[in-house]
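See below for the structure under consideration.
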Amino acid sequence: MSAVWHPFFQHATEPVPPRITHAEGARLTTADGTILIDAISSWWVTTHGHRYPPIMAAIRAATEDLDQIIFAGLTHAPAEALAEGLVQMAPEGLTRVFFSDSGSTSVEVALKMALGFWAHSGQPRHRIAVIEDSYHGDTIGTMSVGERGVFNAPYMPLLFDVARLPFPAGDGAATIAAFEALADGGEIAALILEPLVLGSGGMRMYPPAVLASLAQVARRHEILLIADEVMTGWGRTGTLWACDQAGVAPDILCTSKGLTGGSLPLAATLASEPIFAAHYSTDRRRTFFHSSSYTANPIACAAALANLEVWRSEPVMERIATLIARQSDHLAVLADDPRFENPRQCGTIAALDLKVPAAGYLAEAGPRMRADFMARGVLLRPLGNTIYVLPPYGITEGELAKVWDAIAQVRPG
Ligand SMILES: *Cc1c(COP(=O)(O)O)cnc(C)c1O
């Protein structure tokens, strides 16, 4: 019996997890030599491929000089260069970079920055607006701004109150109108959203124009816009940032997952100058009191810097364009299949729903499909009855075809 308690894993019902001994490109090798194609980028982190050579080389090199260095009052070159690189690549107006170590933490930091901004501006606003079905992490704060459901039922009494907007279905008019009405109240500090794709909420997608409209309403009412690009960043939606497709410049942007190409844990919260300025004061009470022990880990920063260099020097966008076209072709084959509904795609992410009598995350179809995929050598983790393919960009056409072949063999719900 293993002492390990796995995440999002029901030890009472699920099979013993295969032990992975090697990773390369889109392939994971198990202890018994079986190859698994990683069609979900190891929970959305792996961008180029597993053990991408320039990133691995940068990690090895970084360990020759540094390990963790306290980042309060000291600094180091990997963090300085990474912050500068991120500011250059980020949407307009994001000038300050705060490092942490996970997507959840980057969102907590974003919420604290937004509330700090209003508190220090002498005009306290405390309410956060959110979009229904969103996911921003599993800490108490991020669960509070995320969808309430089976995932957080035991903690519900501790989650703070937020203002909820309906998911922007169709042209998003109902959501935009609801946001206008809410904004008129003058008490909303920030709107936090996952731009273009609600990941854990079931790969639900909405158009860039809706994002642009929400951003306009926020701007008009001086509501801060927090873009949680933890999943959507680094090319996943077809542009470097999902916000780019809407021409939206958020006040705060959260990035993690693909920041190091998926090699090491690291996160960054990027903020606009006014948000930094609200904390900049001779009054020390305005200090931004937040830190993680491993803030700006130099080895993780070196991995991220190598990732930035990959983006600058390799044809990443061409690889993404190729993947988008292939995903679209594979999805089209199943578009009219009576077993499935709602085929959809945003950039490199393709999704469709298995028709089942009772949908939802706990739908029996989920674990059944996962086991069937695994038996076919494909790592896919349907979100309830939603099957999605979110692969590393370096996946070969042969590997991708194998993934879609496994989906084509799904038993009816
Ligand atoms: C994964 C995810 C998070 C949380 O990131 P962790 O690194 O798992 O804490 C936050 N927001 C979004 C949109 C995510 O997809």
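A few comments on the model shown:
- Share, in percent, of DSSP beta bridges within the chain that are antiparallel, nearest 5: 65 percent
- A straight chain from residue 84 to residue 355 at 0.36 nm per residue would run longer than the Cα-Cα distance by 92.8 nm.
- Radius 9 Å from Cβ of residue 43, net charge of other residues (Lys, Arg +1; Asp, Glu -1): +2
- Taking amide H positions as modeled 1.01 Å from N, with prolines and chain starts lacking one, the residues under 5 Å from residue 225 and 5 or more places away or on another chain are 191, 251, 252.
- Each label was represented as a point 7 Å from its Cα along the Cα-to-Cβ direction; for residue 364 and residue 8 these points are 2.3 nm apart.
- Whole-percent carbon and sulfur share, accessible surface of the chain, 1.4 Å: 57 percent
- Length added when fully stretched, residue 68-residue 158, from 0.36 nm per residue minus Cα-Cα: 29.0 nm
- Per residue, the accessible area of the chain comes to 44 Å², computed with a 1.4 Å probe over protein heavy atoms only.
- Residues in the range 94-104 carry Karplus couplings, in order, of 8, 10, 10, 10, 10, 8, 8, 10, 7, x, 4 Hz; the curve used is 6.51 cos²θ - 1.76 cosθ + 1.60 with θ = phi - 60°, and Gly or Pro positions show x.
- Within a Gaussian network of the chain (alpha carbon springs, distance under 10 Å), most fluctuating of 250, 367, 18: 18
- Segments 103-115, 141-153 sorted - mean Cβ within 10 Å per residue, highest first: 103-115, 141-153
- In sequence order, calculated HN-Hα J values of the range 42-54 (Karplus, 6.51, -1.76, 1.60; Hz; x Gly/Pro): 6, 6, 6, 9, 6, 9, 6, x, 5, 6, 5, x, x
- Of the peptides 262-273, 203-214, the order by per-residue mean of other Cβ atoms within 10 Å, starting with the highest, comes out as 262-273, 203-214.
- Extension gain (nm, one decimal) between residue 76 and residue 184, 0.36 nm per residue minus Cα-Cα: 34.4 nm
- Per-peptide average of other Cβ atoms within 10 Å, ordering 175-181, 287-293, 133-139 highest first: 133-139, 175-181, 287-293
- Length-normalised contact order for the chain - Cα pairs under 8 Å, 6+ apart - percent: 23 percent
- The Cβ shell under 14 Å around residue 106 holds other residues with a net charge of -3, Lys and Arg each +1, Asp and Glu each -1.
- Residue of 198, 159, 352 that the Gaussian network model of the chain assigns the largest fluctuation, springs spanning Cα pairs under 10 Å: 159
- For residue 112, the aspartates and glutamates whose Cα comes closer than 20 Å to its Cα, not counting residues fewer than 8 places off in the same chain, are 101, 138, 147, 161, 187, 194, 222, 228, 229, 251, 273, 283.
- Using alpha carbons only, the radius of gyration of the chain set against its Kirkwood radius gives Rg/Rh = 0.96.
- Net charge of the neighbourhood of residue 161, taken over other residues with C-beta under 13 Å away and scored Lys/Arg +1, Asp/Glu -1, is +2.
- Set of lysines near residue 355 by C-alpha distance (under 29 Å), chain-local residues within fewer than 8 positions excluded: 402
- HN-Hα J in Hz across the range 269-274 - Karplus 6.51, -1.76, 1.60, θ = phi - 60°, x for Gly and Pro: 10, 9, 10, 6, 4, x
The values are calculated or read from the model by the stated rules, or taken from the named source; none is laboratory data. For clarity, every value in this text was computed on a predicted model and none was experimentally measured. Backbone-built Cβ (ideal geometry, glycine too); neighbour counts: all protein chains shown. Side chains are part of the model used for accessible areas, which takes the heavy atoms of the whole protein and leaves out ligands, DNA and RNA. Shrake-Rupley method; radii C 1.70, N 1.55, O 1.52, S 1.80 Å.
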